[in-house]
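Worksheet for the structure shown next.
The values are calculated or read from the model by the stated rules, or taken from the named source; none is laboratory data. A quick note: this is a predicted structure, and the numbers were derived from the prediction, not measured. Note that we place each Cβ from the backbone using ideal geometry, even for glycine, and neighbour counts take in every protein chain shown.
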Amino acid sequence: MQAKNSFSGVSYWLVKNKIEVFYPGPGHTQDNVVVWLPEKKILFGGCFVKPDGLGNLGDANLEAWPKSAKILMSKYGKAKLVVSSHSEIGDASLLKRTWEQAVKGLNESKKPSQPSN
């Protein structure tokens, strides 16, 4: 389904507090975005943040995910809280673990398939 609404900037005001919507690049899907609350240093990473395993890769871009994860770490590495869709709330270490998982997933995708018996 095609999105009906879009945005062009990265910062918005919600009531009294600023929020940022950021696209780090392809990862779990081609169009993952994250939401940053700068005053509280909280990052809502959604399905992009996968510290405990990459999960369903049907829409993933394994080639781009490690680079996109590095961009996210660089921009939000000082987050106090990181909220993902499928793991416990944590700190910025979830971003590094996501990058590690993305690198592992990319490397595994390049291994030749083993014939099944």
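Looking only at the range 78-117, filter to residues that are polar (S, T, N, Q) and in a loop (DSSP other than H, G, I, E, B); which one of those is farthest from Gly27 (Cα to Cα)?
Selected residue: Asn117.
Quick one: how many residues across the range 67-101 are in contact with a Pro (Cβ under 6 Å, 6 or more places away or on another chain) and farther than 15 Å from Gly46 by Cα?
Here the count works out to 1.
Check whether at least one residue in the range 50-65 is surrounded by fewer than 18 Cβ atoms within 10 Å (Cβ to Cβ) and among the basic types (Lys, Arg), and report yes or no.
no
Return the pairs, sorted by first residue and then second, in which the second residue is acidic (Asp, Glu) and surrounded by fewer than 16 Cβ atoms within 10 Å (Cβ to Cβ), the first residue lies in the range 21-41 and is in contact (Cβ under 8 Å) with a residue 12 or more places away in the chain and part of a loop (DSSP other than H, G, I, E, B), the beta carbons are less than 9 Å apart, and the residues are 6+ apart or on different chains.
Within 9 Å, the pairs are Pro26/Glu63; His28/Asp59; Thr29/Asp59; Gln30/Asp59.
Report, by residue number, each residue of the range 51-75 that is within 20 Å of Gly90 (Cα to Cα), modelled with pLDDT under 95 and not small (Gly, Ala, Ser).
Pro51, Asp52, Leu54
Out of all the residues in the range 69-82, which are touching a residue at least 40 places away in the same chain (Cβ under 8 Å) and either more than 15 Å from Glu20 (Cα to Cα) or surrounded by fewer than 18 Cβ atoms within 10 Å (Cβ to Cβ) (or both)?
Ala69, Ile71, Lys75, Lys80, Leu81
Which ones in the range 69-117 are among the aliphatic types (A, V, I, L, M), over 23 Å from Glu39 (Cβ atoms) and touching a Gly at 6+ places or on another chain (Cβ under 8 Å)?
Listed by number, the residues that qualify are Ala69, Ala102.
Across the range 50-77, what is the number of residues that are over 14 Å from Pro26 (Cβ atoms) and part of a loop (DSSP other than H, G, I, E, B)?
6
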